[in-house]
Amino acid sequence: MKVAFCGWVCYAFSMIYLLENPEGDMPGSLARKLLAYGLYQEYGITGEITLAAAPLGKPYLPEYPYIHFNYSHCRRGILCGIHHEEIGVDIERIIPYKENLAARISHPNELRMLLETPEKDRCLTALWTAKESYLKYMGTGLRIDLRKLDLSSGLRDGVSVDGVWLHSCFGKGYGMCVCSGERQVRIQRVRQEELSGKCSGIREI
């Protein structure tokens, strides 16, 4: 389903672009290229793109205030989400379970989840990426005590948390999460060679 918004035609679900196993370029540079690719695919935007940062650090597009995006990268992949509402994404290599790490980042309800599952590495990775993506959605970053943030119901039961949805999934050697106000996301895998030539550059201010 598409919706019209301020002259743009937008999809009523979040578009997520995924580049697995990046090579060559620095991951930050590739993340910006992936953003440019997504903006071209969704809106036909070409030419130089300007990025700015909100007071708490979340990047935005000053020339396109009704387009929201977020990106994340690790050695296993680069993730970029684009939507007409706020969105947060995170991708991480599988995090080995350590009891002291789990205790530092987990709410008591989440600790119970970890104790009950035999797949503790995947569960810890899901918790970490969920918290990162949720706080990036909120625009605050990791500025709170993570032990006070309980996302267990969103991950375990697939229900909304404070009106947003957590979409957690895994690939080879990595886990990722998308936080969005939509119940659906669409993930498109992109080859690195597809990223060239979609814009003349990204300028940060």
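Read the figures in this text as sums done on the coordinates, not as results from a lab. Here the structure is a predicted model, which means the values were calculated and not measured. Please note: Cβ atoms are built from the backbone with ideal geometry, for glycine as well, and neighbour counts cover all protein chains shown.
How about segment 74-166: which trypsin sites (Lys or Arg not before Pro) there lie in a loop by DSSP and see at most 14 other Cβ atoms within 10 Å? Let's see the in-between values first.
Numbers: sites: R75, R76, R93, K98, R104, R112, K120, R122, K131, K136, R143, R147, K148, R156; in loops: R75, R76, K98, R143.
Hits after loop and neighbour filter: R75, K98, R143.
Tell me, what is the FRET efficiency for Q184 and Y97 to the nearest 0.05, using R0 = 25 angstrom and their Cβ-Cβ distance as r? Spell out each step's value before the answer.
Details: r = 30 Å, r/R0 = 1.21.
So the FRET efficiency works out to roughly 0.25.
Which percentage, to the nearest 5, of the DSSP beta bridges contained in the chain is antiparallel? Mind showing how you got there, number by number?
On the way: 34 of 43 bridges.
Roughly 80 percent of the beta bridges in the chain run antiparallel, per DSSP.
Can you give me the Kirkwood hydrodynamic radius for the chain, using every pair of distinct Cα atoms, in Å to one decimal?
Working: mean 1/r = 0.0573 Å⁻¹.
One over the average 1/r among Cα pairs gives 17.4 Å for the chain.
Convert 37 °C to kelvin, take the viscosity as 0.692 mPa s, use the Kirkwood radius over C-alpha pairs of segment 58-155 as Rh, and evaluate the Stokes-Einstein diffusion coefficient in µm²/s, rounded to a whole number.
Numbers: Rh = 14.3 Å.
For the chosen part, D equals 229 µm²/s.
Output the peptides 44-54, 59-69 sorted from most to least packed, where packing is the average of other Cβ atoms within 10 Å over each peptide's residues. Working shown, then result.
Numbers: 44-54: 12.9, 59-69: 15.7.
Going from most to least packed, we get 59-69, 44-54.
Relative contact order for segment 72-182 using alpha-carbon pairs under 8 Å, separation at least 6, rounded to a whole percent?
Details: 209 pairs, mean separation 36.9, N = 111.
Here the relative contact order equals 33 percent.
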